[in-house]
Structure formats: structure tokens, C-alpha cells
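Working notes for the structure below.
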Amino acid sequence: KPEPNSIQLEDLPLRPELIGAEPYGAPQLDVPVCLNVNENPYPPSEAVRKDMAKAVAKVAKSLNRYPDREATGLREDLARYIGFGVSSSQVWPANGSNEVMTHILQAFGGPGRSVLTFTPTYSMYPEYARNTHTDYVTRPRNASWGLTTDEILSAVEEVKPDVVLLTTPNNPTGTTIPVAVIDEVCAGTDAIVVVDEAYQEFTDAPEDSSIALLPKYGRLIVVRTLSKAFALAGGRLGYAVAAPAIVDALRMVRLPYHLSDVSQVVARVALAHAPEMLARVDELRETRANLEDWLQLHGLDVVSSQSNFVLFGRFADRHAVFQALLDRGVLIREVGPAGYLRVCAGTPRQTDVFRSALLDVLPTAP
Ligand code: PMP
């Protein structure tokens with residue numbers, strides 16, 4: 001028998017679906033310029049940080065107690081921030097939209113059920129499905145990486161999924177699905193329709209959200225996050241907006257006390273400073289647009305984006321380009337269709353470093 005500390009994964013009675021799997025992760029490397037995970041590059045201001053520190057010091061006095069399981073105050077703050085006449089009974093927060101999505105599949109997916117989505121899309125979706133024993137079924141997006149009502153509904157008819165997962169803007173393409181299409185899809189299916197709007201604030205019309213459809217559809221769930229435009233990725237706070245009965249379903253599957261007191265108060269401070277947290281969104285949108293033009297000018301194929309990142313290519317050996325940039329201190333992402341790379345909008349300085357590094361690499365890029 002091997003020593004406990006030298007036991008290998010292969011020696012363990014792992015669930016069959018996990019055999020050979022790797023833990024998810026974009027590389028987390030200590031590199032001068034990180035443009036790889038679509039974060040907002042600007043840290044919270046000093047005023048916000050001070051308020052966060054005060055709020056954490058206050059809550060520290062009662063950390064011997066469990067937090068509010070229902071996150072009542074945070075849900076009220078979120079409802080106010082979301083607008084659209086949404087009430088706190090329609091809001092469900094968790095540790096990042098990753099956890100929100102897992103709750104959704106725990107409640108509405110599961111053994112013998114399926115989730116349908118359209119590729120290329122966010123690389124975590126198959127993992128949420130696997131972890132919740134939900135069948136993960138995909139159909140391809142169209143040639144412009146978009147989706148029409150007909151394309152979605154004919155796939156729905158064929159697959160008969162329990163959950164349809166639509167991402168707009170989509171990661172990694174940055175392409176959107178109009179609210180009118182989501183409306184028609186909701187009208188055309190009894191499945192739970194999940195709209196992942198993680199990057200909605202970066203679009204040209206952020207108020208054009210599927211949240212507006214909630215009064216019409218009891219099976220629609222819109223998922224958002226404070227990780228991207230809202231510049232709070234480290235705070236781990238995502239949320240679903242849906243009918244109160246859907247929120248009741250999500251409350252059943254969450255772990256007790258899933259959101260720590262610290263997470264709750266930090267997010268509440270950030271929400272109290274919402275305009276400041278979102279202050280750089282216009283600049284980042286412009287940086288992304290300029291980056292698209294610049295990449296195109298240099299002969300690259302660019303997918304027109306409505307997010308804070310751009311997919312560009314095509315390279316015969318994208319890994320070589322990724323590595324050459326990394327060697328120059330710039331970390332981007334090898335993701336999406338063959339031959340493409342994804343870069344996100346950084347500060348002007350970070351974006352400049354990326355551009356110089358790419359200029360250096362392009363002449364010999366395979
Ligand atoms: N949805 C999409 C489309 C994403 O790209 C991401 C982050 N990369 C997430 C959800 C998850 O974000 P978080 O868990 O930080 O809220």
C-alpha cells in the first residue's frame with residue numbers, strides 16, 4: 001500500500017467523469033501585464049477601500065456568528081442597483097456567477113436532464129454541467145458567431161433541453177444576442193432560459209437587457225456579476241434575477257451560509273459606490289474599440305466585440321504567439337476557435353505594452 005501522501009489520483013475511487021480531468025483555470029502567472037481573464041484593470045479607489053476596511057472591521061466583531069443566510073440587506077441593495085422595478089425577492093446572490101450558475105443547474109438540471117448552449121462559449125459551462133450531473137449539449141453558433149431565433153429554437157426542438165443557456169455578450173467572441181431574440185426564444189419554449197449577461201455593462205446599450213423581459217416570463221433567469229465592469233472580481237459576487245419562485249428553488253440547493261459576512265459587506269460597500277466602481281467602463285469600451293481597429297489595421301481577423309475583450313487571429317500556431325507575448329511579459333488567453341487568441345482591454349499603459357509586444361511578434365508569427 002502506498003503512503004497516504006504518495007497516493008496518486010489514479011489510486012482513488014474518483015467519479016468516472018472526473019478521471020483525466022484538470023482543475024479549471026486560465027494560468028495565474030506573475031506577469032507585468034495580465035490581459036487574460038477579462039477583469040477591470042482598475043482597483044477600487046482609496047475612498048472605496050477605506051469604506052470596505054471599515055465595514056469589514058465592523059462585521060469582524062460578530063464573525064463568531066453565522067452570516068445572514070438570506071443575504072437580506074445585500075439583496076435589497078442589489079435590487080435597487082439593478083432597477084427595472086426588480087424586488088429583492090427576485091435577486092439571488094452567490095460567490096460569483098459561477099456559483100449562481102451551479103445553483104441553477106442543481107435546481108433545474110441534474111441526472112437525466114440537459115443544458116443546451118451554443119459554442120464557442122464560456123469554458124466553465126461544461127464543468128458546471130458535469131459537477132451537477134447535467135448532460136451538456138452544444139450546437140455551433142453561426143458564421144458570424146451570432147444566433148438567430150430560428151437557430152436557437154430549432155436546436156431547442158431537436159435537443160429538448162431542460163435548460164437553455166444563452167450568453168450575451170458571449171465569451172470569447174464578444175458577440176451579442178438581441179433582447180428581441182431572447183423574447184422570441186422564451187415565448188417558444190417551456191425550458192428554463194438562462195441569459196448570462198456577465199459583460200452587459202460593456203455593450204453600447206447596457207440598459208437593453210433581458211431583465212426587461214422578466215415581467216413576461218416566469219422561466220427566464222438573467223445572470224450577472226460584479227466581477228467584470230463592476231471591478232470586484234476578487235469580491236466574488238454574482239447574482240441571478242428571476243421570478244421569486246425561481247429564487248426559492250435556488251435557495252433550496254445553496255449550501256447553508258454560502259455567502260460569508262465579509263463577502264456580503266464588501267459587495268454592499270461596492271454597491272453604495274456604484275457610479276465610482278463603474279467609472280472606467282466608458283474608457284474600457286473605447287480601449288476595446290480602438291484595439292479592434294488597431295488589430296485590423298495590422299491585417300488580423302477581428303471579431304467585432306460588444307465586451308471588454310477582443311478575439312483576434314488567425315494564427316497557424318496560436319500557442320507560439322501566446323508564448324512569444326508571454327516571453328515579453330504580456331499574458332493573454334488561448335481560447336475560442338482554432339487559430340484565435342483573446343485579449344482584454346487594460347489601462348492605456350498595459351494596452352500599449354500589449355501592442356508593442358504584438359508588433360514585435362507579428363512579423364514572424366506563424
Ligand atoms: N460568465 C461568463 C460569460 C464569463 O466570462 C465569466 C468569467 N470569465 C463568468 C460568467 C464568471 O464570472 P464570476 O464567477 O466571476 O461572476
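Sort out for me the Cα centre separation of the range 115-160 from the range 187-243, rounded to whole Å. Taking the Cα centre of each part, the range 115-160 and the range 187-243 sit 17 Å apart.
If you model the range 1-56 as an ellipsoid using its alpha carbon gyration tensor, with each semi-axis the square root of five times an eigenvalue, the axes come out at 40, 18, 12 Å, biggest first. Given a 10 angstrom Cα cut-off, can you work out which residue in 146, 234, 336 is the most mobile in a GNM of the chain? Result: 234 has the largest fluctuation of those listed.
Using a probe radius of 1.4 angstrom, the carbon and sulfur fraction of the accessible surface of the chain is 52%. Of 110, 235, 25, which has the largest mean-square fluctuation in a 10 Å C-alpha GNM of the chain? It is 25. If a/c stays under 1.5 just call it rounded; otherwise compare a/b with b/c (prolate if a/b is bigger, oblate if not). Do that for the range 230-326, with a ≥ b ≥ c from the square roots of the Cα gyration tensor eigenvalues. Verdict is prolate for the range 230-326.
Distance between the C-alpha centres of the range 45-76 and the range 301-320: 40 Å, rounded to the whole angstrom. Spatially close Lys pairs in the chain, defined by Cα atoms under 28 Å apart and a spacing of eight or more places or different chains, total 7. Is the C-alpha gyration tensor of the range 1-155 telling us rounded, prolate or oblate? Criteria: a/c under 1.5 is rounded; beyond that, a/b larger than b/c is prolate, otherwise oblate. It comes out oblate by the Cα gyration axes.
Given +1 at the Cβ of Lys and Arg, -1 at the Cβ of Asp and Glu and no other charges, the dipole of the chain around its Cα centre is 1000 debye to the nearest 20.
Of 305, 362, 330, which is farthest along the charge dipole of the range 298-366 in the positive direction, counting Lys and Arg as +1 and Asp and Glu as -1 at C-beta? Positive-end residue among those listed: 305.
Given the options 172, 337, 111, state which has the largest fluctuation in a GNM of the chain using a 10 Å cut-off (strictly under) for Cα springs. It is 111.
Within the chain, the proportion of Cα pairs with more than 41 Å between them is 13 percent. Taking all Cα pairs closer than 8 Å and separated by 6 or more residues, the relative contact order of the chain comes to 23 percent.
The Kirkwood radius of the range 64-197, taken over pairs of alpha-carbon atoms, gives through the Stokes-Einstein law at 25 °C and 0.890 mPa s a diffusion coefficient of 154 µm² s⁻¹.
Solvent exposure of the range 79-232 amounts to 35 Å² per residue of accessible area, where only protein heavy atoms count and the probe is 1.4 Å.
The values are calculated or read from the model by the stated rules, or taken from the named source; none is laboratory data. Everything numeric here is computed off the predicted structure, so don't read it as measured data. Neighbour counts run over all protein chains shown; Cβ positions are idealised from the backbone, glycine included. Please note that ligands, DNA and RNA were not included when accessible areas were found on the heavy atoms of the full protein model with its side chains. Shrake-Rupley method; radii C 1.70, N 1.55, O 1.52, S 1.80 Å.
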